[in-house]
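The values are calculated or read from the model by the stated rules, or taken from the named source; none is laboratory data. Values in this document were obtained by computation on a predicted structure and should not be read as measured data. In this analysis, Cβ positions are derived from the backbone assuming ideal geometry, glycine residues included, and neighbour counts consider all displayed protein chains. Just so you know, the surface numbers come from the protein's heavy atoms only, side chains and all, with ligands and any DNA or RNA stripped out. Shrake-Rupley method; radii C 1.70, N 1.55, O 1.52, S 1.80 Å.
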Amino acid sequence: MLIRRGAEIPESLVTPKSVYVNRRKFLAAGAALIGAGAPPLSGATRLGPLVKSPFSTDEKPTPYRDVTTYNNFYEFGTQKNQPAELAKNFKTIPWTISVEGAVAKPRVYDLDAVLKMAPLEERIYRHRCVEGWSIVVPWIGFPLNALIKQVEPTSKAKFVAFQTLYDPKQMPAGKWAGIPLPYVEGLRMDEAMHPLALLSVGMYGEILPNQNGAPVRLVIPWKYGFKSIKSIVRIKFVEKQPPSTWNLQNSREYGFYSNVNPAVDHPRWSQATERRLGEFFKRKTLLFNGYGDQVAGLYAGMDLKKYY
Ligand SMILES: Nc1nc2c(c(=O)[nH]1)N[C@H]1C(S)=C(S)[C@@H](COP(=O)(O)O)O[C@H]1N2
Ligand SMILES: [Mo]
C-alpha cells in the first residue's frame, strides 16, 4: 500500500473533516490508496494504482459535480438532488457482502476482501438512464466475473440476484420511495460473466461517493441505469429468474432485461434520444448503449421487443 501527500501540510488541514475521517476508516479497510499531489476537486480519498482498461470509451467524462448531484438512489429520496444530501452520513464501514446460493464456496466478504479480489481498473463507460439522460463516468472496479469465479457456481446457477442494504433508520426516505425495498436486481449468468459487467468501488480516481452507491455497486453499461444496483449487501446464485425492483413496481414499463434500445420505447416516452448531462442538444441513443459489438451475442435469437 502506498500513501503519498504532496504538500507538507497536515492533511487534516487541507481536507474536510468528514473526508479525513473517512480516509482513515478506508485505510483501516486495507484499500489500495494514494494521495494525489494536489487535493482533488472533490476532496475525497484517492484510489490506486489503477489499471487502464481497453473497454474505456474515449468520450469526455461528465463533470464530477453533475454525476454526484444528479442521482437516482430512491432509498435516499426520489428527487435527483436528494441522495447527495440525505446519504451524507450513510455508514458504509464496516460493510459485508454475503455471496450465497448455488455455489461451491459461499462466503461473507468484508470490504477488504472485495478490494483484494482483483486488480482495480479505471473504466470509462457511458451510462444511460431509462428516464432519458446519460453520463460518461470513469468508474473504478473489477469484472464481476472475478468474484463469480472465486465462489465456484454450481450447474444450478442460472441467474445472479443482487440486493441493496435497506436500513430504514439510515434511509428514512425509503418509506416514501414508492418502490418495494430492499432494492433488488438480477442478471442471467452469461450476462454476469461478461467482461464488461463491473463491480465498482470508486469513480474519478476516488472511492465511491455515498450517493453513487458506496461502497460497492454494479455497473452494467449496456443496460438502463436501474440495473446498476447500488450499495450491495447480498449476491445470490439461483436457478430461476430473480425479481427486480422496477419490474416488481411496474412490469409493463420495466422488463427484466432492460437493454438500452432506441427501437423499443417506454410505454410513456420515446427512448430514441438522450440528453448527456451538461449538454444542450440531444444525442441519438445507441442499441445496447453502443456496446453492441461486445454484447449483442448474448441476445442472439431473442425478440428484444418481447424481452425488453
Ligand atoms: N439501490 C439502488 N440502486 C440504484 C437505484 C436506486 O434507486 N437504488 N437507482 C438506479 C438508477 S434508476 C440509476 S439511473 C442509477 C444511477 O446511478 P448514479 O447515481 O451513480 O448515476 O442507479 C441505479 N441503482
Ligand atoms: Mo435510472
### Task
Would you mind pulling out the separation of the Cα centroids of the range 94-130 and the range 144-172, in Å?
8 Å
### Query
What is the Cα radius of gyration of the range 169-246 over 2.2 N^0.38 Å, N being its residue count?
1.15
### Query
Can you tell which of Ile229, Ala113, Gly174 lies farthest toward the positive end of the dipole of the chain, using +1 and -1 charges on the Cβ of basic and acidic side chains (Lys, Arg; Asp, Glu)?
Gly174
### Task
For n ≥ 4 DSSP H runs only, could you compute -39500 (n - 2.57) per run for the chain, divide by its residues and tell me the 222 nm figure to the nearest 500?
-4000 deg cm²/dmol
### Task
Find out how many positive minus negative residues lie around Ile140, taking Lys and Arg as positive, Asp and Glu as negative, among other residues whose Cβ is under 9 Å from that of Ile140.
-2
### Task
Could you give the size of the charge dipole of the range 11-299 about its Cα centre, using +1 on the Cβ of each K and R and -1 on the Cβ of each D and E, expressed in debye and rounded to the nearest 20?
300 debye
### Query
For the range 156-298, what is one quarter of the convex hull surface built on the Cα atoms, given in nm²?
10.0 nm²
### Task
Note down the nm distance, to one decimal, between modelled labels 7 Å out along Cα→Cβ at Arg188 and at Ala272.
2.8 nm
### Task
Relative to the longest principal axis of the C-alpha atoms of the chain, give the angle of the C-alpha long axis of helix 17-28, reported between 0 and 90° and rounded to the nearest 10°.
80 degrees
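In whole Å and largest first, what semi-axes does the C-alpha gyration tensor of the chain yield when each eigenvalue is scaled by 5 and square-rooted?
Details: eigenvalues 177, 103, 76 Å².
Result for the chain: semi-axes of 30, 23, 19 Å.
Could you rank the peptides 264-271, 107-114, 140-147, 126-133 by their average count of other C-beta atoms within 10 Å per residue, with the highest value first?
Numbers: 264-271: 12.1, 107-114: 16.9, 140-147: 21.5, 126-133: 19.2.
In decreasing order of mean packing, 264-271, 107-114, 140-147, 126-133 become 140-147, 126-133, 107-114, 264-271.
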### Query
Net charge near Val108, counting Lys/Arg +1 and Asp/Glu -1 over other residues with Cβ under 13 Å of its Cβ?
+1
### Query
Roughly how many percent of the accessible protein surface of the range 11-299 is carbon and sulfur, given a 1.4 Å probe and a whole-percent answer?
56 percent
### Message
So, for the range 11-299, what is the accessible surface per residue at a probe of 1.4 Å, expressed in square angstrom?
### Response
44 Å²
#### Entry: Mean Cα-pair separation over length for the range 11-299, i.e. relative contact order, pairs under 8 Å, 6 or more apart, %
20 percent
### For the range 124-135, 3J(HN,Hα) per residue [Karplus equation, 6.51 cos²θ - 1.76 cosθ + 1.60, θ = phi - 60°, Hz, x = Gly/Pro]
8, 10, 6, 9, 10, 7, 4, 7, x, 10, 9, 9
